[in-house]
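Here's the structure we're looking at; comments come further down.
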Amino acid sequence: KRVSFDFNNSSINRRFGLSYINPYWTIDGVSRGFAAYYRKTDAGNANLLSYNSIVKGGAVTFGIPLTEYNSLSSTLGIENTKLDCSTGFLSTTCSKFVADLNDNVFNILRWTNRFAYDSRNKAIFPDKGMLHSIDAEVVFPSFGNSLEYYKLEYESQLYTSFFEDYVVALRGDLAYGNGYAGTKSLPFFENFYAGGPRSVRGYKDNTLGPLDPVTLQPIGGNVKLTGGAEVILPVPFFRDIKSVRIAGFFDAGNVYNDNLDLGQLRYSVGLSGMWVSPFGI
């Protein structure tokens, strides 16, 4: 059993979180966990539309091991989200969203399920195996001023050796979201984003895709398509050190509003270097 507390304070986020997990809630290995959190976000400092949000929430999560490689997790959470559209340049995207719903405080009852097949040999810097995962999230009508929307995402990764210590890695990520019932579209603060070292390298974080018509700041989109291929190279003099990785890569992707247009994909080619330090990658 594990209890953890996390705290983050940066120019983008201020977050406090408390969680508890019992990995063997049942003798069959079904886990159960609880979490509570507070998060204040300045989206403008993340290369996004200038607005602030305060989110307070909690969740309960169950993890179900199906086979050696297959697993299922299910999370039910509730959040209270407060938006502030008055920061920086006045955004039509944020102000129109608040005006249409005649409020800037929303209650979100979220149910998320994830099915994964994961045969990778390592959680960090794998070099063999594959991952396929499907995430399905639906936000139900709840008390007060609530939102209703859903999000679907499929992710795939493949690692295989092709010549001595050289490894080919392929990945893809496809996601879609929309509103239903009284919510006409996916709320802008739940949009998908692309750009940056974890999606399309060579572009600033979150900068790909649609822009706010007034401020010309990135707002993300309800459709995301990203992918890439890389050749992981053996590092001279560091062959026995598994915390360093160098790779040549080709990345592609973008985010869209409703319509997927392959002609608007953005590409990048380059050389990447990663090091797993005591403080992260």
Count charges around Lys40 for me, please; just the other residues with Cβ under 15 Å from its Cβ, Lys/Arg as +1, Asp/Glu as -1. +1
Diagonalise the Cα gyration tensor of region 86-164 and give the resulting equivalent ellipsoid semi-axes, square root of 5 times each eigenvalue, largest first, whole Å. 41, 18, 9
Based on DSSP H runs of at least 4 residues, each adding -39500 (n - 2.57), what is the mean residue ellipticity at 222 nm of the chain after dividing by all its residues, to the nearest 500 deg cm²/dmol? -1000 deg cm²/dmol
In a Debye calculation with equal point scatterers on the alpha-carbon sites of region 201-244 and no solvent, what is log10 I(q)/I(0) at q = 0.19, 0.22, 0.28 Å⁻¹? -0.73, -0.84, -1.07
Given 20 °C and 1.002 mPa s, compute D for region 180-281 with the Stokes-Einstein relation, Rh being the Kirkwood radius over Cα pairs; round to the nearest whole µm²/s. 137 µm²/s
Picking from Tyr193, Tyr203, Tyr149, which is most flexible by a Gaussian network model of the chain using Cα springs under 10 Å? Tyr203
In vacuo Debye scattering of the chain, one point per C-alpha: log10 I(q)/I(0) at q = 0.12, 0.14, 0.17 Å⁻¹? -0.92, -1.25, -1.60
Carbon and sulfur %, accessible surface of region 3-75 computed with the full protein complex present, 1.4 Å: 58 percent
Pairs of Cα atoms farther than 21 Å apart, region 109-240, %: 55 percent
Size-normalised alpha-carbon gyration radius of region 141-182, reference 2.2 N^0.38 Å: 2.14
Between helix 92-101 and the chain, what is the angle of the helix's C-alpha long axis to the longest principal axis, kept within 0 to 90° and rounded to the nearest 10? 60 degrees
GluC sites (Glu not before Pro) within region 53-156: which are DSSP loop residues with at most 12 other Cβ atoms inside 10 Å? Glu68
Rolling a 1.4 Å sphere over the protein heavy atoms, what is the accessible area per residue of region 98-233, to the nearest Å²? 49 Å²
Could you tell me, in Å, what Rg and Dmax come out for the Cα atoms of region 2-140? 18.6, 55
Spherically averaged projected area of region 24-103 from its Cα convex hull (nm²): 7.6 nm²
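The values are calculated or read from the model by the stated rules, or taken from the named source; none is laboratory data. Bear in mind that the values here come from a model prediction, so they are computed numbers and not experimental data. All Cβ positions, glycine included, derive from the backbone under ideal geometry; neighbour counts span all protein chains shown. When the accessible area is computed, the model is the full protein with side chains, heavy atoms only, and any ligands, DNA or RNA have been set aside. Shrake-Rupley method; radii C 1.70, N 1.55, O 1.52, S 1.80 Å.
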